[in-house]
Each structure stands twice: as structure tokens, then as C-alpha cells.
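Have a look at the structure below, then the notes.
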Amino acid sequence: MTPLLSLHDVSKTYVRGAYHFNVLESVSLDVHAGAFVAVFGERSSGKTTLLKIAAGLERPDSGSVTFDGRDLSAVSSRDLAAIHRMEIAWVDRAGPSSDELMMVDYIGLPLLKSHGHSVATRLAISMLSRVGAKECTSARWGDLSDAERARITIAHALIREPRLLVLDDPTAGLDMIERDRVLGLLRATADEMHSGVLMAVPDMPAMMRSDDVLSLSGGRLLGPAEHDSGEEAVVLEFPRRQQSG
Amino acid sequence: MLSTKHVVLGLLLERPGYGYDLQQRMDERFSFLQLSETAIYRLLDSLQRDGYIEESGRKVIGGTRRGSPRVTYAPTDAGTAEFQQWMAQPCATAAVREALHAKLILSDPDDLPQLVEQVMHQERETLAELATFQQPPASDAASGEVPWGTVAAMLVNDAHARRLQATISWLQQVRTVLRARIAEHERTTPESPS
């Protein structure tokens, strides 16, 4: 089955004066429709860069990013904007640009132009209920707890029914129960909406509802060992050691 | 499991030694193993029986009881090969830290690329272990009290995942440091003429 999103041999280097920092080195990754993929990495491991490249918000230095068969580095900026509007949802905790906006309006905002105010509001209320944040309908962003903000940002993304959801540390600051509820929402997004979900987290407990778990460090992305494939134990040749003394 | 026999073998590869000398070196570099001198003599006997070490000389030490010289040991070719095979063998996940501690301490610059491979192998194994955990059915997103049985299962899974995370975090750090050291070594070591 062709993956919904495919990163192939992606590399990215940031240059700060004489210092070259290889954030990503030959990273490859697939996300299929209906799959929930989680990447573990410590702070500054390159998680956000990986996600931004996957979402087409940043370009790699080399390698390719393909979304639904389209090379994201080759599409026009207009088409890319359309993809971001309708197909790939980037989820972070930035919230609305205005703190005056009620959450029902913030969530309905992406549908306002296409559906009109009353339909957008109705769908927004339904989405708030779906993510367990009905009580936030009239609240402002500044009034919300971390848990409510996590649900609201997901609702804001899901209202467009995106084909791919890209999330940067969606469970930051949540207790275990709230974290699991948010992860349950993402699991349901993959299972019921058949969307692809790509998430990066600095906590491995947050990865336990995902289909694929990956580890990112020093620019390299690793996947789990596959024991069913009959992989042989690794035995490596060593150069002969010189005895001293 | 961490093989203390291979640690002794590695120390003898660095420099031949006798029992007390090895215990001093053990205390200095492998204090976490807490091996007594008697235990080290047993390991030396066992290594000699296996043909991995042999007597390389006798050394008279000032203050030695009865003034008898100490027997020093050095690895045989078979011992060298055994040590190299151990260094290249992936570590069992349960003892990954201890075994890699020993290998890191006994490694030289030529060993680092193989150690990077091993660290990556261990990261993959640890990720595979995480993937085996099944979280109980997701809590209802529309809030409400989560049944205690579900909470208890989540707490246990959380503990497992955090233990694995500690292992992976350390392995990631080892991998990054080793790769930086390899790159540095390649930059500063002139290429040998082919």
C-alpha cells in the first residue's frame, strides 16, 4: 500500500557561523492512512524540524517528502497553501492569535468561509463535544488549562477532517489520565477518520497507543527491531587489539 | 548478564597483571562490580582452565606475604579472540547498561564504530519492547471517572515505559557522543597510505 506520507533520505543541516549542526541525517519515514506513528526524542533532538519537514512547512537540504504521491518540494506555494488548509493539519499549542476569540469561534474559523457562520458554529460545537471540551464553548484561550488547550488544538485541526495530522508534543504538561484521553482521541482519529497521525514526544509513555514507535537522536531515526523477520544477532568483526606493556 | 570474566580478560589485554593488581584496577574502574580479591583469583583460575590466559612471569612485590613472587597473567591468542567476540556481541537488554559500561571502559578508538552499531541495536530492541505494551482501552474523551482497574493498568504501563525511556535516553546520548568522537578521530588521524 502506498504511504500517505513518505520521507526518503531526508537531511537537514543548520549553519551557525563556523558550526554545522546536522539535525537530520538520511531520515526515512512512512505514515500510512489510518496509522498512528510516534517519534521519541529528547529536547533539541530535531523532532520539530522533522515534523515541519514532514508537514511541508520547511524544506530539507536533500531527500524527498511525498504526500499522497505529490513531491512537496515541487508543488507551487499556492497548492502547498491549499494542502495546509485542507489536507495536512499542523497542531501545536500556539492557540488563536486573538485572546478575545471564544473557543467555538476559534474552532469554527477554518470552516467560516466555506460553510458560513451558523454551520461552522454547529460543527464546532459538535467537535468540542467530541473531544470532551464542550464546557469550553464560550471560554477564551487565556482561561483554559493545559488539558483543555490540548483538546482545543486537536479540535481546531480535526474540524477540517485532514488526511494527515502532525503534532508536536501534544501531551506536554498533562497528567496521566488527561494524557491518555488526548492519545485516545488521536487513536480514534486514525481508526475512525482513517487519517494518518504523526506525533513527536519527549516521553515514551505517550507512545503506547501508536502503531509505530521511532527514536530520533543525533539526526538519526531508528525503528524497533523486527524479531519476526528472522533477523540474525549482530556479531561484528573487530580489528585485532594491540597489547600494551 | 555482565560477564566479569570478560572484564578481567579485557584488563589483562591492556596490561598483564596479578591478582591484587587486578583487584586495584577493578576498584578504580569497575567499582560498581565490587569484586573481592578471592573472586578475582577464581576468575583467573577459570580463565586459565579455559585456555584464555597464561602465566607471563613472576613478580616479587615488596611486603608480599612469605616473600613469594606473584604470578602475572596475560591473554593467549584464544583469550584475545574471545574478548573481541564478547565486545562485538550485542548485550542482553536486561543488563544493557552494565554490559555497555564495561565495554565503554575497555574500548579504544578502533572499537567505537562497532559500539555505535551495538548501541543502535539496543535502541531498536528497547523500542520493540515498548511496542509490546498494550494500553487498556482508551478512556472516554468526554471525561467522567476512569475505572480504577484501567488507572492501575495505566500506572504499571507508565512505569515500564519510563524505565525503557531512561534506557533509550542514555543510549541516545552514548550514540551521539561516540559518533562525535569518531568524527573527531577521523579528522585528526592522518589517512594511512594504501
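The values are calculated or read from the model by the stated rules, or taken from the named source; none is laboratory data. None of the values given here were measured: they were computed from a predicted structure. Here the Cβ is made from the backbone with ideal geometry for all residues, glycine too, and neighbour counts use every protein chain on show.
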Review point. Could you give every pair whose Cβ atoms fall below 6 Å, whose first residue belongs to segment A:16-31 and is in contact (Cβ under 8 Å) with a residue 60 or more places away in the chain, and whose second residue is in a loop (DSSP other than H, G, I, E, B) and among the hydrophobic types (A, V, I, L, M, F, W, C), counting only separations of at least 6 or pairs across chains?
Key: A:Val31/A:Leu4
**Study point:** Filtered residue count, segment B:1-33, keeping only those that are within 14 Å of another protein chain (Cβ to nearest Cβ) and outside any loop (DSSP other than H, G, I, E, B)
**Key:** 11
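Filter segment A:103-135 down to the residues that are of a type in the set (Gly, Ala, Ser), in contact with a helix residue (DSSP H, G or I) (Cβ under 8 Å, 6 or more places away or on another chain) and closer than 11 Å to A:Ile159 by Cβ and list them by number.
A:Gly108, A:Ala120, A:Ala124
Hey, any hits in segment A:188-203 for a residue that's more than 21 Å from A:Arg163 (Cα to Cα) and either modelled with pLDDT of 90 or more or touching a Phe, Trp or Tyr at 6+ places or on another chain (Cβ under 7 Å) (or both)? Don't jump to the end; show me each part of the working.
Step one: of segment A:188-203, the residues more than 21 Å from A:Arg163 (Cα to Cα) are A:202-203.
From the residues that got through so far, the ones that are either modelled with pLDDT of 90 or more or touching a Phe, Trp or Tyr at 6+ places or on another chain (Cβ under 7 Å) (or both) too are A:202-203.
Yes, there is a match, as at least one residue in segment A:188-203 is more than 21 Å from A:Arg163 (Cα to Cα) and either modelled with pLDDT of 90 or more or touching a Phe, Trp or Tyr at 6+ places or on another chain (Cβ under 7 Å) (or both).
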Revision key, fill the gap. Reported set for segment A:152-203 where residues are farther than 25 Å from A:Ser138 by Cα and small (Gly, Ala, Ser) is A:Ala188, A:Ala190, A:Ser195, A:Gly196, A:Ala200
Practice item. Please enumerate the residues belonging to segment B:145-168 that are of a type in the set (S, T, N, Q) and either at pLDDT below 85 or touching an Asp or Glu at 6+ places or on another chain (Cβ under 6 Å) (or both). Key: B:Thr150
Review point. Where residues in segment A:127-181 are among the polar types (S, T, N, Q) and away from chain B (no Cβ under 11 Å), which of them is farthest from the chain's Cα centre (by Cα)?
Key: A:Ser138
Exercise for review: Kindly provide the set of residues from segment B:25-49 that are in contact (Cβ under 8 Å) with a residue 40 or more places away in the chain and out of contact with any strand residue (DSSP E or B) (no Cβ under 6 Å at 6 or more places or on another chain), ordered by number.
Suggested key: B:Arg29, B:Phe30, B:Phe32, B:Ser46
Point to revise | Yes/no for B:Leu43 being closer than 26 Å to B:Gln122 by Cβ, more than 11 Å from chain A (Cβ to nearest Cβ) and modelled with pLDDT of 85 or more | key: yes
Point to revise | Criterion (among the hydrophobic types (A, V, I, L, M, F, W, C), surrounded by 15 or more Cβ atoms within 10 Å (Cβ to Cβ) and in a loop (DSSP other than H, G, I, E, B)) met by exactly one of A:Val75, A:Val104 | key: A:Val75
Check your understanding: Is there a residue in segment A:211-227 that is out of contact with any Asp or Glu (no Cβ under 8 Å at 6 or more places or on another chain), more than 27 Å from B:Leu115 (Cα to Cα) and either surrounded by fewer than 22 Cβ atoms within 10 Å (Cβ to Cβ) or modelled with pLDDT of 90 or more (or both)?
Key -> yes
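Among the listed residues A:Gly132, A:Gly116, identify the single one that is surrounded by fewer than 17 Cβ atoms within 10 Å (Cβ to Cβ) and more than 24 Å from A:Leu5 (Cβ to Cβ).
A:Gly116
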Review point. Scanning for something assigned to a strand (DSSP E or B), more than 27 Å from A:Ala172 (Cα to Cα) and out of contact with any strand residue (DSSP E or B) (no Cβ under 6 Å at 6 or more places or on another chain), does segment A:59-70 turn up at least one residue?
Key: yes
Exercise for review: Residue by residue through segment A:83-101, note down the ones that are in a loop (DSSP other than H, G, I, E, B) and in contact with a helix residue (DSSP H, G or I) (Cβ under 6 Å, 6 or more places away or on another chain).
Suggested key: A:Arg93, A:Gly95, A:Pro96, A:Asp99
**Study point:** Scan of segment B:145-192 for residues that are within 11 Å of chain A (Cβ to nearest Cβ) and of a type in the set (Lys, Arg), ordered by number
**Key:** B:Arg162, B:Arg163, B:Arg175, B:Arg179
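Residue-by-condition table, conditions (1) in contact with a strand residue (DSSP E or B) (Cβ under 6 Å, 6 or more places away or on another chain); (2) under 15 Å from A:Glu58 (Cβ atoms):
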| site | (1), (2) |
| --- | --- |
| A:Thr13 | yes, yes |
| A:Ala18 | no, no |
| A:Leu24 | yes, yes |
| A:Val27 | yes, yes |
| A:Val31 | yes, no |
| A:Gly34 | no, no |
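Do we find that A:Ile88 is touching a Leu at 6+ places or on another chain (Cβ under 6 Å) and surrounded by 12 or more Cβ atoms within 10 Å (Cβ to Cβ) in this structure?
Answer is yes for this residue.
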**Study point:** Single match in B:Ala81, B:Ala95, B:Ala142, B:Ala88 (criterion: surrounded by fewer than 18 Cβ atoms within 10 Å (Cβ to Cβ), modelled with pLDDT under 90 and within 10 Å of another protein chain (Cβ to nearest Cβ))
**Key:** B:Ala142
Revision key, fill the gap. Reported set for segment B:98-139 where residues are within 7 Å of another protein chain (Cβ to nearest Cβ) and at pLDDT below 85 is B:Ala131, B:Phe133, B:Gln135, B:Ala138, B:Ser139
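Rundown of residues vs (1) at pLDDT 95 or above; (2) away from chain B (no Cβ under 14 Å), yes/no style:
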site	(1), (2)
A:Ala35	yes, no
A:Ala38	yes, no
A:Gly46	no, no
A:Arg70	no, yes
A:Arg85	no, yes
A:Asp92	no, yes
